Structures are given as structure tokens and as C-alpha cells.
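Below is one structure, written out as C-alpha cells, with a few remarks after it.
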Amino acid sequence: MTGRRRTRSTFRTNSPRSMSTGSTRARSMSALAVCAALAAGCGVVPGTSADAESGDVTVMTWAPEGTDATNKPGMPAMAQAYARWINSTGGLNGRKLKVLTCNDHNDRVAAAKCARRAAAENVVAVVGSYSQFGDDFLGPLASAGIPYIGGYGVTNDEFTNPMSYPVNGGSPALLAGLGKELAAVCGPVALIRPDTIAGDQLPQLLNSGLQAGGHAAALDQLAAEAATEYGTHTKLALERTTNTGDEKKGCVVPALGDRTNTFMDSFRRDREDYPDVRTATVLGSVDQTVINANGGKSGPYEDSYITGWYPVAGDARWDEMKKVVNEEAFGDNRIDPQDAGVQTTWIAYTVLKAVVESLEGREVSSTTVRRALDDGLRVNTGGLTPTLRWRFEDLLSVVGFPRLVNAQVTLQVVREGRLVAARKGFIDTTKLLENAAD
């Protein structure tokens with residue numbers, strides 16, 4: 001999957017006059033055959049934009065849609081809304097933005113196909129996307145020299161591959177930060193997480209925060225990612241976190257992505273038969289819409305701690321994004337401004353805009369985009385993240401996460417049924433992640 005990078009083959013069509021017509025025809029046919037074998041669209045050099053002549057900037061955004069597990073349809077929808085908005089205001093430094101989308105179906109084969117399509121379409125970057133299969137899509141992107149800007153951060157591959165430019169600390173930062181907060185307020189902690197490769201990484205990350213706060217490791221419960229009910233898991237979690245003799249309430253931490261809501265349906269029914277416990281999770285598994293659907297202030301999330309990468313959705317720093325959604329995607333119920341995926345896509349396109357503007361009218365290609373990022377472009381996201389920069393010296397050097405540049409998270413809490421900031425500013429999880437890697 002990570003085969004050698006394709007290179008351009010140049011064929012001379014002006015053969016010497018002394019060459020016979022048959023020989024010329026044979027060489028021409030040979031050239032065409034080699035072109036067809038190399039790629040669809042002969043003569044396109046990896047690292048250049050297929051729209052160089054028109055001046056368009058073509059990118060791709062992908063995410064799973066219509067699956068039985070995690071779905072993020074708002075991310076490609078946000079990308080398309082962003083393109084409509086930026087093009088209506090003059091484009092990216094005068095260039096039209098073209099957004100291609102792809103559905104990875106929560107499937108490694110489909111994820112690799114999306115990456116190969118990005119290479120075939122000669123996109124200058126994959127921007128603001130979600131996939132659990134980093135080892136399958138980053139190889140083809142690396143072979144084609146295409147940068148991956150602002151992935152959701154669901155896999156460790158996004159923090160190790162040199163073609164990846166993450167804008168947040170991904171699941172590692174969220175879990176580590178949550179563990180640190182729960183250490184001070186929780187008795188026994190039960191983590192319910194997917195029985196997947198991505199899920200296997202979660203216990204160590206949560207435990208790094210718990211243990212930094214002097215707390216015992218979490219009780220690890222594996223669950224099917226696409227289950228339709230979690231009654232067995234809720235009962236087990238409640239049994240393990242109650243009647244333990246600990247003075248502090250036990251804490252139940254579901255980290256099941258879109259299936260967290262399904263888990264809480266079972267949890268709401270079963271918790272009445274057990275002593276009171278506290279719940280906690282990470283943004284991406286829970287947002288305001290999930291809290292509302294589970295009863296708001298009378299539901300199981302009241303008083304829950306939730307870690308996120310960005311300020312709460314009600315923060316004024318999101319006003320420009322909301323304005324774009326209202327103007328360019330009004331009525332599109334795929335886009336929820338409170339969704340962490342939508343927010344990540346917005347920030348990733350903010351990075352892309354800064355890159356193109358920094359090129360000041362010069363060629364926009366995958367090569368020039370990477371070079372701008374690697375050479376120290378500073379991206380101000382309006383306070384939604386710390387200033388982002390991907391020079392070698394800006395990487396946080398966390399073992400296991402060498403591409404990490406932003407390990408800061410926000411702490412939020414559910415009060416009166418509303419997700420609000422539990423404290424001002426960001427929490428730096430760099431040291432916690434270093435401990436997790438030890």
C-alpha cells in the first residue's frame with residue numbers, strides 16, 4: 001500500500017526525420033502504453049495540482065457516513081459549506097476552492113480507496129477528515145506526497161506519520177486530561193470502550209491521567225462498536241463502581257463514539273437499581289444534542305466532566321463558523337456547530353486558508369503546501385486552539401506521538417443540562433502523554 005512514489009515519465013514526440021514512420025508509431029504506442037500503466041491521466045507529476053492552469057485549489061475531505069457505527073457526515077458537509085463561503089468572498093487568495101468528498105464507510109478498504117482517489121485527483125491536501133484506519137490511508141497519501149491536515153485524531157498514526165499535520169491532541173489528549181480530573185473526584189472508574197484497534201489505545205491514555213493524580217487504573221470493559229444495546233455492560237460497570245467501600249462516588253466513562261448514546265439508554269434504565277455514580281466522557285462521544293436527548297438536567301450526564309479540544313460551542317469564538325453555516329448550509333441537518341468533527345473541519349480549513357495566503361500567488365501544490373507547513377507557518381485560529389506551527393522544533397517530542405503540536409484540552413461540565421466551561425483556558429496534557437508512553 002505504501003509503494004514507491006510515482007514519477008513522471010517524459011516521452012519525446014519529435015523523433016529525428018531519419019527515423020522511419022513505423023518506428024515512430026511504435027515508440028508513440030509504447031509511450032501511451034506506459035502512460036496507461038503508470039496512472040489515469042498521463043503526465044501528471046505527483047506533488048502538483050491538476051488545476052494549476054485554472055488556478056483552482058482542489059482538496060478532499062472524507063468521513064464515514066451511513067454506517068452502523070460512528071458517522072461524521074457533518075465534516076464533508078462543513079467542508080462544502082466552507083468552499084461555498086470562501087468562493088463567494090473571492091476564494092483562497094483569489095483562487096477557487098474545490099472540495100471533493102469521500103465516504104470511508106468505517107472500513108479499511110474503503111479508507112484506502114479514498115486515499116488512492118485523492119492521489120488520482122491530484123488534490124493538494126486532505127483536509128478536516130475522520131477515519132479510524134490511519135495505517136491504510138496514510139500510506140497512499142505519503143506515496144503521492146499529499147499532506148493530511150487536521151485529521152480528527154482518532155488514531156495514533158495521525159501523530160506519527162510525517163504527512164500528518166494534526167490541529168488537536170486527538171483521543172490521547174482527551175483521555176489523559178479526563179483521567180487527571182477524575183482522579184480527584186472519583187472512586188473506582190470503569191471505562192467502556194470499543195473492542196477495536198483504536199479502542200485498545202484508550203485505557204493506557206485514561207490511566208496516565210488517573211495515575212498522575214494518584215488514582216488506581218480504570219477497570220477496562222470492551223464492548224462491540226456497533227451494538228444496539230449495552231445492558232450487560234451497564235450492569236457490569238455499575239457493579240464494579242458501587243458498593244466498594246470508597247467514600248467517593250464511582251465513575252462510569254463510556255467512550256464509544258456515536259454508540260455512547262445507545263449505552264446511555266441502557267444505563268438510564270439500569271442505574272436505578274444501584275447507588276449513585278458519576279458519568280464522564282470526552283467530546284466526540286457526547287455533545288449538547290446527546291445531553292438533550294438523554295433528559296438534559298434530569299438525565300445521566302448532569303454534573304459529568306467532559307474534555308474537549310476547543311472552547312464550548314456557545315463561546316463567541318465560534319461565531320464566524322456559525323455565520324458560515326447559517327449562510328451556506330441553512331437547513332442542512334448534517335452540520336451541527338456543536339459537533340467536534342464539524343469544529344475540527346472548520347479549523348483545518350482555517351489552516352489551509354493560511355497556507356494558501358502565505359504562498360502569495362505562487363503555485364499551490366501538495367509540495368508547496370507541505371513546505372509552507374514544515375518551514376514554520378504560524379496559524380492563528382482566533383483562540384479556538386493555541387497558535388499552530390509544525391516546524392521540527394515545535395513538535396512536542398512526546399514518545400509515541402512525534403507529530404503532536406497541540407496537547408491542550410478544555411474541561412467542560414454539564415450544569416442544568418447545559419455543557420459549559422468548567423474552568424477558563426486550556427489544560428496542557430503533554431506531561432500526561434509522556435507518562436502514557438513510558
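The values are calculated or read from the model by the stated rules, or taken from the named source; none is laboratory data. As the structure is a computational prediction, the values presented were derived from the model and not from experiment. Note: ideal-geometry Cβ built from the backbone for every residue, glycine included; neighbour counts use all protein chains shown. For accessibility, only protein heavy atoms count, side chains too; no ligands or nucleic acids. Shrake-Rupley method; radii C 1.70, N 1.55, O 1.52, S 1.80 Å.
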In contact with a strand residue (DSSP E or B) (Cβ under 8 Å, 6 or more places away or on another chain), aliphatic (A, V, I, L, M) and not in a helix (DSSP H, G or I): is that true of V124 in this structure?
yes
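Conditions (1) closer than 20 Å to S358 by Cα; (2) touching a helix residue (DSSP H, G or I) at 6+ places or on another chain (Cβ under 8 Å); (3) not charged (D, E, K, R), marked per residue:
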position	(1), (2), (3)
E65	no, yes, no
D68	no, no, no
P73	no, no, yes
A79	no, yes, yes
I86	yes, yes, yes
N93	yes, yes, yes
K98	yes, yes, no
C102	no, yes, yes
State all residues of region 155-193 that are assigned to a loop (DSSP other than H, G, I, E, B), open to solvent by 10 Å² or more (accessible area, probe 1.4 Å), more than 21 Å from H233 (Cβ to Cβ) and touching a helix residue (DSSP H, G or I) at 6+ places or on another chain (Cβ under 6 Å); if no residue qualifies, say none.
N161, M163
Within region 326-369, tally of residues that are more than 23 Å from the chain's Cα centre (by Cα) and of a type in the set (D, E)
4
Neighbours by Cβ (under 7 Å, 6+ apart or cross-chain): first from region 236-250, open to solvent by less than 90 Å² (accessible area, probe 1.4 Å); second acidic (D, E):
L238/D270
In region 171-196, what residues are free of Cβ contacts under 8 Å to residues at least 40 places away in the same chain and either within 17 Å of T307 (Cβ to Cβ) or hydrophobic (A, V, I, L, M, F, W, C) (or both)?
A183, A184
Region 291-376: helices (runs of 4 or more DSSP H) wholly inside it with 1 or more residues that are at pLDDT 95 or above, over 18 Å from T89 (Cα atoms) and among the β-branched types (V, I, T) are 340-358, 366-374
So which residues in region 418-438 are among the basic types (K, R) and under 22 Å from Q211 (Cβ atoms), if there are any at all?
R423, K431
Output the residues belonging to region 411-438 that are of a type in the set (D, E) and either crowded, with 19+ Cβ neighbours inside 10 Å or within 20 Å of T385 (Cβ to Cβ) (or both).
D428
Which residues, taken from region 162-202, are farther than 30 Å from R371 by Cα and either touching a Lys or Arg at 6+ places or on another chain (Cβ under 7 Å) or of a type in the set (S, T, Y) (or both)?
V185, C186, G187, P188, A190, T196, G199, L202
Against the conditions (1) under 25 Å from A63 (Cα atoms); (2) in a loop (DSSP other than H, G, I, E, B); (3) out of contact with any strand residue (DSSP E or B) (no Cβ under 7 Å at 6 or more places or on another chain), where does G151 fall short? Just the number, please.
(3)
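Results for (1) touching a helix residue (DSSP H, G or I) at 6+ places or on another chain (Cβ under 6 Å); (2) within 12 Å of P147 (Cα to Cα); (3) among the hydrophobic types (A, V, I, L, M, F, W, C), shown as yes or no for each residue.
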| site | (1), (2), (3) |
| --- | --- |
| V356 | no, no, yes |
| E363 | no, no, no |
| R371 | no, yes, no |
| D394 | no, no, no |
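Restricting attention to region 131-146, and to residues there that are in a helix (DSSP H, G or I) and open to solvent by 30 Å² or more (accessible area, probe 1.4 Å), which single residue is nearest to T350 (Cα to Cα)?
So, considering only residues that are in a helix (DSSP H, G or I) and open to solvent by 30 Å² or more (accessible area, probe 1.4 Å), the one nearest to T350 (Cα to Cα) is A142.
Go through region 63-73 and report how many residues are open to solvent by less than 50 Å² (accessible area, probe 1.4 Å) and among the small types (G, A, S).
2
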Screening P172, P188, P147 for residues that are modelled with pLDDT of 95 or more and within 27 Å of G383 (Cβ to Cβ) leaves only P147
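This table checks each residue for (1) over 30 Å from the mean Cα position of the chain (by Cα); (2) modelled with pLDDT of 50 or more.
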residue	(1), (2)
T10	yes, no
T13	yes, no
A26	yes, no
C35	yes, no
A50	no, no
G55	no, yes
E65	no, yes
N93	no, yes
Kindly provide the set of residues from region 346-358 that are touching a Ser or Thr at 6+ places or on another chain (Cβ under 7 Å) and open to solvent by less than 10 Å² (accessible area, probe 1.4 Å), ordered by number.
I347
Of the conditions (1) crowded, with 16+ Cβ neighbours inside 10 Å; (2) in a helix (DSSP H, G or I); (3) basic (K, R), R268 fails just one. Which one is it?
(1)
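For region 380-407, give me each residue that is outside any loop (DSSP other than H, G, I, E, B) and at pLDDT 95 or above. Full working, then the answer.
So the first thing to find is which residues in region 380-407 are outside any loop (DSSP other than H, G, I, E, B), and the list is 388, 392-394, 398, 401.
L388 - this is the single residue of region 380-407 that is outside any loop (DSSP other than H, G, I, E, B) and at pLDDT 95 or above.
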List every residue pair whose Cβ atoms sit under 7 Å apart, with the two residues 6 or more apart in sequence or on different chains, where the first one lies in region 265-285 and is under 22 Å from T228 (Cβ atoms) and modelled with pLDDT of 90 or more and the second, anywhere, is assigned to a strand (DSSP E or B) and polar (S, T, N, Q).
none
Filter result (in contact with a Lys or Arg (Cβ under 6 Å, 6 or more places away or on another chain) and either open to solvent by 40 Å² or more (accessible area, probe 1.4 Å) or without any contact (Cβ under 8 Å) to a residue 12 or more places away in the chain (or both)) within region 74-130
N87
